[in-house]
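This report refers to the structure that appears directly beneath it.
The values are calculated or read from the model by the stated rules, or taken from the named source; none is laboratory data. Since this is a predicted model, take the numbers as computed values, not measurements. All Cβ positions, even for glycine, are placed from backbone atoms using ideal geometry, and neighbour counts span all protein chains on display. Ligands, DNA and RNA are excluded from the accessible area calculation, which covers all protein heavy atoms including side chains. Shrake-Rupley method; radii C 1.70, N 1.55, O 1.52, S 1.80 Å.
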Amino acid sequence: MAKKHVKTNAIRLIEQKKIVHEIFEYTSEDGNAVDGVTVAAKIGQPVEHVYKTLIATAGKGDYFVFVIPVEAELNLKAAAKVVGEKKVELIAVKELLGLTGYVRGGCSPIGMKKLFPTYIEQTAETLDYIIVSAGKIGMQMKLAPTDLAKASNAQFAQLVTQ
């Protein structure tokens, strides 16, 4: 019998939408976040398929979600252009839980407290699947990039420097 997973908001939403997915679990030292490259190694998946979720703001209460490869860095100028703002900056870690309902290292682009405009790095479209946080540290979910876009109402855009 398969091991029963804890259901996070992200997993519940994916299941409600009947999206094909796979859950990976890993242990983290003291329940703290680990970097995405380490996560890829812990779950035995190619690092190119593992993506991180970043939250940025343009001020004025405008927030945006960016999903990019774990080895990449968000190009803030490109991100601002994509969202039609002069400038965006990543939010402080202390704001994350109250804003999204998720902690650093467990932030999923699916199932946040509020649906923010979401953008996925366009290179994800060339992959069969990507892996993102399932909504808690130690849990990742694998799904097709187009399914992630549907579930998070996201668009694909160039977000990292090539």
Rounded to the nearest angstrom and ordered from largest down, what semi-axes does the equivalent ellipsoid of the stretch 1-99 get from its C-alpha gyration tensor (root of 5λ)? 28, 17, 15
Could you tell me what percent of the accessible area of the chain is made up of carbon and sulfur, with a 1.4 Å probe and every protein chain present? 51 percent
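Please give the per residue volume of the convex hull enclosing the alpha carbon atoms of the stretch 91-144, rounded to a whole number of Å³. Please list the in-between numbers first.
Working: hull volume 4.7 nm³, N = 54.
Looking at the stretch 91-144, the number lands at 87 Å³ per residue.
At 222 nm, what helix-only mean residue ellipticity would the chain give, in deg cm²/dmol to the nearest 500, using -39500 (n - 2.57) for each DSSP H run of four or more? Walk me through the numbers on the way to the answer.
Values: 5 runs with 40 residues, N = 162.
Roughly -6500 deg cm²/dmol at 222 nm, from the helical runs in the chain.
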Please give, to one decimal in nm, the separation of the simple spin-label points placed at VAL34 and GLU85, each 7 Å out from Cα toward the Cβ. 3.2 nm
Have a look at the stretch 20-156 and give its Rg and Dmax from the Cα atoms, expressed in angstrom. 14.0, 41
Sum up the charges of everything whose Cβ sits under 15 Å from the Cβ of GLN122, counting Lys and Arg as +1 and Asp and Glu as -1, but leave GLN122 out. -2
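Summing Lys, Arg as +1 and Asp, Glu as -1, what charge do residues with Cβ under 13 Å from the Cβ of ILE137 carry, ILE137 excluded? Display every interim value, and only then the final one.
Values: positive: LYS42, LYS52, ARG104, LYS136; negative: GLU25, GLU29, ASP30, ASP35.
For residues surrounding ILE137, the net value is 0.
Around VAL65, with a cut-off of 13 angstrom between Cβ atoms, what is the net charge of the other residues, counting Lys and Arg +1 and Asp and Glu -1?
On the way: positive: LYS52, LYS113, LYS114; negative: ASP62, GLU121.
Summing Lys/Arg as +1 and Asp/Glu as -1 gives +1.
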